Each structure stands twice: as C-alpha cells, then as structure tokens.
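Colleague: Before I ask anything, let me first share the structure, which is written out below as structure tokens.
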Amino acid sequence: MTGVAVPEAPPGKLATVVTFLEMTARPLRPKRPAPLDKVALLRAEHCTLSFYRYLYNTVGERWLWEMRRRMSDRDLAANIQHPDVEIFVLYVAGVPAGYVELDRRTAGVADIAYFGLMPEFIGRGLGPWLLDWAIEAGWAGAGVERMTVNTCTFDHPKALLMYQRAGFVPVRQVPKIIDDPRLTGLMPRDCAPQIPFAAGAGA
C-alpha cells in the first residue's frame, strides 16, 4: 500500500494518518510463550468507569489517546459495558501491565478497539505476545469471519509493523486533523513530548 502523507496541521491542531488493517483467516502458528513470569490475563467483567479510565489514560497518555477522554461517563459506559465488548487486563506479578479491548458489535467481526501496555512494561517482549493472545481470543468468538484493528502515526513507531507481522494487512489509510488535546486542557501539556506542537501553536 502506498503511504498517505501526513497533512500539515494549522496552529492548535495535530495531523496524523490512520491505517486500517484486517485479517480474514485465523493464523496457524505455535503458541508463543509468555516473556515474563507471573503473567495473567483476566476479563474485566462489568468494567467500572474509574478502572477503565485508569487503563485508557495510563496506557494512552504517551500516544495522545484522546477520544475516550472526551466521552461523558454515560457514553463511555454504553461502550465498555456493552455485552459484545470484552476488556481483558494483563497483569504481571499482580500489577496491571496493559489491556486489550475486543469489540464484537459488528456481526462476523472481532475488532481490536484498543490495545496497549503501561509505560513501565514497554520493551519487555509483552506486546507481540499479548497481540497473539488477542488474535486467538478474537477468532475464538462464534461466527467470526474477520478481525480488524487500526493504528495511527501517533502510536508506537513499531505498532504498524507489529500488526503486519501478526498477520494483519493494511486496507486503507485516512489522514486526520484533530484539536491538540494538550492545548485544550484535555491532556497534560507535557505528555507525548515526541509529538511536536504544530508551528505557531505557542508551545
């Protein structure tokens, strides 16, 4: 796929490119061993808003995850507590280390809506292992014909390659411009220092 150029962002805005990927057949490969000891995955049944916001905000702050920070409690609860949405939390030695959110609300599709690690656990081999686990969990659902995921240029620089190595194929790319959440007060101004403010934003 020919890469779509990141557009120029006006002051106060940020520009990114979202890549949408899909997988149309369950991969056949040996189970990957957990890279660390004392690893456990538990489903957060009837996930509380406070716990979900902790997961989302802590995992996503480095990558400027902002969409669900903007959601009201009512709208967020409608998403995360839907019976066809599954949230699995990764623990290492009893400490939350990351999470996966599988969305099955579209018939025949298991979408990895959110996937990520806590900052302290990045670079320890957990990402590819957790992704393999999420893919197996996704295909284990009844009637699944396709898995989907998306990533953008704000995410970890190896995220797209990791998804492709796991068997996902890019199907389209969409440029996107958003309000910089660090300038609107939605997120701390000093988070995600690797993502520069747009020229003239007064940073």
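Colleague: Show me the three semi-axes of the equivalent ellipsoid for the stretch 147-203, from the C-alpha gyration tensor (sqrt of 5 times each eigenvalue), largest first, rounded to whole Å. Walk me through the numbers before you get to the answer.
Modeller: Details: eigenvalues 158, 30, 20 Å².
Those come to 28, 12, 10 Å.
Colleague: While we're looking at this one, here's another question. Measure nothing fancy, just the Cα-based angle from helix 126-139's long axis to the longest principal axis of the chain, in degrees from 0 to 90, nearest 10.
Modeller: Roughly 60 degrees between the two axes.
Colleague: Quote the Stokes-Einstein diffusion coefficient, in whole µm² s⁻¹, for the stretch 23-112, based on the Kirkwood radius over alpha carbon pairs, a temperature of 10 °C and a viscosity of 1.306 mPa s.
Modeller: Working: Rh = 14.8 Å.
The calculation lands on 107 µm²/s.
Colleague: Label 7 Å along Cα→Cβ of Lys176; the stretch 68-89 residues with amide nitrogen under 18 Å?
Modeller: Within reach of a label on Lys176: 68-72, 76, 79-80.
Colleague: Could you work out the Kirkwood radius for the stretch 90-137, taking every pair of different alpha carbons, averaging 1/r and inverting it, reported in Å? Walk me through the numbers on the way to the answer.
Modeller: Working: mean 1/r = 0.0869 Å⁻¹.
Taking the inverse mean of 1/r over all distinct Cα pairs, the stretch 90-137 comes out at 11.5 Å.
Colleague: Treat every Asp and Glu Cβ in the chain as -1 and every Lys and Arg Cβ as +1, leave all other atoms uncharged, and give the resulting dipole magnitude about the Cα centre to the nearest 20 debye. Mind showing how you got there, number by number?
Modeller: On the way: 23 positive and 21 negative charges, 58 e Å.
With Lys and Arg at +1 and Asp and Glu at -1, about 280 debye.
Colleague: Ok, one more. Measure nothing fancy, just the Cα-based angle from helix 49-60's long axis to the longest principal axis of the chain, in degrees from 0 to 90, nearest 10.
Modeller: For helix 49-60, the angle is close to 70 degrees.
Colleague: Then there's this: With bins 10 Å wide starting at 0, give me the P(r) of the chain over every alpha carbon pair, in whole percents.
Modeller: P(r) over the chain, rounded to whole percents: 8, 33, 38, 18, 3, 0.
Colleague: Same structure again: Whose amide H sits under 5 Å from the amide H of Arg146, counting only residues 5 or more places off or on another chain, with H placed in the peptide plane?
Modeller: Residues meeting the amide H criterion: Ala110.
Colleague: Can you run phi through the Karplus equation (6.51, -1.76, 1.60; θ = phi - 60°) for the stretch 75-89 and list ³J(HN,Hα) in whole Hz, with x for Gly and Pro?
Modeller: Coupling constants for the stretch 75-89: 5, 5, 4, 4, 7, 7, 9, 5, x, 9, 10, 10, 10, 10, 10 Hz.
Colleague: Describe numerically, in nm with one decimal, the distance between label points set 7 Å from Cα along Cα→Cβ at Ala142 and at Ser72.
Modeller: If labels sit at Ala142 and Ser72, their model points lie 3.4 nm apart.
Colleague: Here's something else I'd like to know. With point charges of +1 on the Cβ of Lys and Arg and -1 on the Cβ of Asp and Glu, referenced to the Cα centre of the chain, which listed residue (Thr151, Gly3, Pro30) lies farthest in the positive direction of the dipole?
Modeller: Pro30
Colleague: Also, I was wondering about something else. Rg and Dmax of the stretch 1-42, using alpha carbons, in Å: what are they?
Modeller: Final numbers for Rg and Dmax: 19.1, 49 Å.
The numbers here are math on the coordinates, done by the rules we state, and not lab data. Quick caveat, the model's predicted, so the values are computed rather than measured. All Cβ positions, even for glycine, are placed from backbone atoms using ideal geometry, and neighbour counts span all protein chains on display.
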